[in-house]
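Derivation of every value follows stated rules applied to the coordinates shown; laboratory data play no part. If you're wondering where the values come from, they're calculated on a predicted model, not measured in any experiment. Here the Cβ positions follow ideal geometry from the backbone for every residue, glycine too, while neighbour counts run over all protein chains shown.
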Amino acid sequence: MFQYFDLNKIKLLLVYDKTDPLVFTSSMFLFAFFALLFLYRVLYKSKPARIYLLISFSIFFYYKASGIYFLFLFVISFVNYFMGKWIGGAQSRKVRLALFLLSLLLNIGLLIYFKYTNFFIQIINVVRGSQIAPLDIFLPLGISFIIFKALSYVIEIYLENIEPVNSIRDFTFFIFYFPTLQMGPIERASNFLPQVEADNPISKEMIGTALFLIMSGLLKKVVIADYIGINFVDRVFDSPLRFTGVENLMAAYAYALQLYTDFSGYTDMALGVSLFLGYRLTDNFNAPFKALSIADFWRRWHITLSSWCLDYIFKPLQMKFRGMNIFGNALALFITFLVIGIWHGANWTFIVFGAIHGTYLATSIFTKKLRQNFYKKTGLTNSRIVKFLQWFFTFNLVVFTTIFFRASNMTMAFYVIKQIFTFFHAEVFMQFVLGYKLIFGLIVLGYLVHFIPENWKVKTQELIVKTPLIGKAVMLAFVIWLVIQFRFADLQPFLYFQF
Amino acid sequence: MISERLKEIVLQELALVDLDLQDETTADMVPGWDSLSHIQIIVAIEKNYKIKFKGIEILKIKNIGELQRLIDKKLTTVSAG
């Protein structure tokens with residue numbers, strides 16, 4: 001009886017369940033990952049065995065979240081492996097170009113089908129007044145990340161920056177590699193595949209760094225992002241009109257922090273998990289809220305996506321429009337950021353998010369000379385006050401766009417902005433601070449940690465690397481304990497303020 | 001070898017006084033040579049040499065040496081044609 005029950009329970013843990021994917025912060029992932037690490041150690045001496053082990057685990061990881069759609073990974077791998085091979089081997093320029101366009105069509109076609117079909121149906125319905133029913137299309141896990149990763153491989157071969165890889169096993173490994181499946185980083189083949197070939201041993205330094213990253217990722221994701229999300233940001237963004245401008249503004253600042261700690265926390269964990277297996281992935285964030293301009297922000301925010309779009313969308317467009325001088329640059333930037341917006345999801349809010357960033361950047365091109373001349377004339381170039389103002393405006397301009405990023409639709413976004421500008425009620429601020437002490441404290445703490453100097457972080461990391469094993473275990477246990485406290489904490493009570 | 005003519009164009013477009021340009025020099029090693037000024041330099045080269053690049057030719061270039069060789073190649077095909 002007991003045996004039967006247990007077996008069934010284990011089976012449930014291993015089969016596809018849409019509501020229970022293997023996310024890094026789940027306890028199931030922790031167990032599965034420990035089991036994987038154990039097997040990995042056992043098989044470590046044989047490189048093929050260990051790579052096949054990781055490929056199998058990655059398929060399991062994907063299957064847990066997307067069921068039968070794990071086959072999608074095989075399709076992407078095979079299509080791009082052979083396309084890359086054929087593009088690299090093609091003798092005539094025309095054949096090369098034709099093959100290249102075909103692989104763009106296949107990859108982007110798949111992405112559009114899975115992600116945007118229903119969005120287009122919606123638009124057609126609005127434009128033509130028709131009532132076409134939306135299709136029942138499943139969205140495979142991390143599809144936008146995986147397709148962009150695969151695309152960079154064929155593009156780099158077409159641009160002759162890399163040679164096609166000879167081993168279909170290694171290429172499959174590159175596409176399937178589970179730490180990058182859910183939310184990137186959008187790794188370039190030129191960073192990952194040489195590591196697979198070189199096969200560097202896992203050093204003590206890598207393990208220490210991995211632990212540091214996993215701890216920092218857990219804290220960012222569970223203690224800050226999830227907690228302020230559930231207890232504060234979601235409530236305001238679900239019904240902005242029930243709150244004053246102060247609360248809406250605080251929710252906007254809190255959401256910008258939530259978005260950053262969620263995504264960079266996830267990325268830290270992905271990088272950490274990968275280091276345990278011996279592979280260094282590309283970091284996606286470099287203290288983005290320290291940026292002094294919008295362009296600077298995009299060099300620090302979701303770096304693997306922004307550099308992808310810079311190299312493969314902006315630069316070709318810029319070449320195309322070069323006859324238009326400065327307007328060409330502005331137009332290329334605007335289109336690039338529209339694509340970045342749409343890439344995030346099939347919703348007008350994301351398109352507007354991209355369009356606003358595109359407009360910011362285009363404006364900054366047109367006003368660059370004006371601003372430089374002004375600073376020169378007033379002798380303010382590189383002065384502290386200018387730097388502070390640049391930071392202040394950049395930060396608030398970014399936060400403004402994250403309102404659209406978070407809002408479930410455009411109406412909600414307008415409500416948030418409307419409350420901030422027409423129903424502010426500054427007197428509520430102190431009530432807010434006192435009523436939401438923990439939330440407010442976490443927001444302040446989150447931003448403070450973000451703004452501490454970079455070398456402090458490096459020193460902390462070095463310290464953890466040097467800590468003896470037992471010390472590391474204690475630290476990890478403490479972090480896990482803290483994470484559990486926050487994960488299972490009661491919801492904060494709802495508060496209504498008087499004004 | 002990077003010609004004086006190419007160097008002159010780069011200096012002028014980036015408003016620099018002098019610069020050590022080797023074959024292996026890449027854009028990110030030159031102050032001010034970012035993705036926006038990159039295209040100004042390309043356009044200035046096209047005007048100065050009276051040549052026309054294809055988009056893909058420019059995207060493939062990895063350093064100044066390759067840019068110089070591309071210009072040289074364009075010039076020989078222009079004079080030969």
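Too long at a 29 Å Cα-Cα cut-off: which of A:Lys85/B:Lys50; A:Lys18/A:Lys459; A:Lys315/A:Lys377; A:Lys94/B:Lys73; A:Lys221/A:Lys315; A:Lys149/A:Lys320?
Pairs exceeding the cut-off: A:Lys85/B:Lys50; A:Lys18/A:Lys459; A:Lys315/A:Lys377; A:Lys221/A:Lys315.
Assuming R0 = 51 Å, what is the FRET efficiency of B:Thr76 and A:Thr363, from their Cβ-Cβ distance, to the nearest 0.05?
0.75
Compute the distance from the alpha-carbon center of segment A:210-270 to that of segment A:58-108, in whole Å.
That distance is 35 Å.
List the aspartates and glutamates whose alpha-carbon lies under 13 Å from that of A:Lys290, not counting same-chain residues fewer than 8 positions away?
List returned: A:Glu454.
In whole Å, what is the distance between the alpha-carbon centres of segment A:351-416 and segment A:321-338?
Answer, in whole Å: 18.
For segment A:403-499, which trypsin sites (Lys or Arg not before Pro) are both in a DSSP coil and crowded by at most 14 other Cβ atoms within 10 Å?
none
Residues in segment A:247-267 near a label at A:Ala489, defined as backbone nitrogen under 19 Å from the 7 Å Cα→Cβ point?
Under cut-off, by backbone N: A:250-263, A:265-266.
Can you give the net charge of the other residues whose Cβ lies under 14 Å from the Cβ of A:Phe100, counting K and R as +1 and D and E as -1?
Once all neighbours under 14 Å are counted, the net charge is +3.
What dipole magnitude, in Debye to the nearest 20, does segment A:14-132 give about its Cα centre under +1 on Lys/Arg Cβ and -1 on Asp/Glu Cβ?
Value, rounded to 20: 540 debye.
Would you calculate a helix-derived [θ] at 222 nm for chain A, using -39,500 (n - 2.57) for each DSSP H run of n ≥ 4 and dividing by the full residue count, to the nearest 500?
Roughly -23500 deg cm²/dmol at 222 nm, from the helical runs in chain A.
I'd like to know which of A:Gln485, A:Gly435, A:Ser408 lies farthest towards the positive end of the charge dipole of segment A:379-499, counting +1 on Cβ of Lys and Arg and -1 on Cβ of Asp and Glu.
After comparing all options, I get A:Gln485.
Report the label-to-label distance for A:Leu463 and B:Ser3 in nanometres (one decimal), using points 7 Å from each Cα along the Cα→Cβ vector.
Here the modelled spin labels are 5.9 nm apart.
Any idea what the dipole of segment B:4-80 comes to, in debye rounded to 20, about its Cα centre with Lys/Arg Cβ at +1 and Asp/Glu Cβ at -1?
Value, rounded to 20: 560 debye.
Hey, got the average number of other protein chain Cβ atoms within 10 angstrom for residues in B:35-42?
5
Mind checking the mean number of beta-carbon atoms from other chains within 10 Å of the Cβ atoms in A:317-328?
3
Which residue, chosen from A:Leu159, A:Phe114, A:Ala189, occupies the Cα position most advanced towards the positive end of the dipole of segment A:67-199, where the dipole is computed from +1 (Lys, Arg) and -1 (Asp, Glu) charges on Cβ about the Cα centre?
About the Cα centre, the residue reaching furthest to the positive side is A:Phe114.
Which of rounded, prolate, oblate describes segment A:390-499, given a ≥ b ≥ c as roots of the alpha-carbon gyration tensor eigenvalues and a/c under 1.5 marking rounded, otherwise prolate only if a/b is larger than b/c?
Since a/c reaches 1.5 and a/b is larger than b/c, the shape of segment A:390-499 is classed as prolate.
From the Cα gyration tensor of segment A:171-325, with a ≥ b ≥ c the square roots of its eigenvalues, which class applies: rounded if a/c is under 1.5, or else prolate if a/b is larger than b/c, or else oblate?
oblate
Please report, in debye to the nearest 20, how large the charge dipole of the protein assembly as shown is about its Cα centre when each Lys and Arg carries +1 at its beta carbon and each Asp and Glu carries -1 there.
Dipole about the Cα centre, nearest 20: 620 debye.
At what distance in nm do the modelled label points of A:Lys9 and A:Ser190 sit from each other, each positioned 7 Å from its Cα along Cα→Cβ?
5.2 nm
Which distance in nm do the two modelled labels at A:Phe421 and A:Glu197 give, with both placed 7 Å along the Cα-to-Cβ direction?
5.5 nm
When Lys and Arg each count +1 and Asp and Glu each count -1, what net charge do the other residues less than 14 Å away from A:Ile417, Cβ to Cβ, add up to?
So the environment of A:Ile417 carries a net charge of +1.
Which of the listed residues, B:Phe53, A:Ala254, A:Trp308, is farthest toward the dipole's positive end in the protein assembly as shown, when Lys, Arg count +1 and Asp, Glu count -1 at the beta-carbon?
Going by the charge dipole, the pick is B:Phe53.
Please compute the net charge surrounding A:Val15, taking Lys and Arg as +1 and Asp and Glu as -1 over other residues with Cβ under 13 Å from its Cβ.
That works out to +2.
Among rounded, prolate and oblate, which fits chain A when a ≥ b ≥ c are the square roots of the eigenvalues of its C-alpha gyration tensor, a/c under 1.5 means rounded, and a/b larger than b/c means prolate?
Since a/c stays below 1.5, the shape of chain A is classed as rounded.
Please give the average number of partner chain Cβ atoms lying within 10 Å of the Cβ of each residue in A:74-80, rounded to a whole number.
That average works out to 0.
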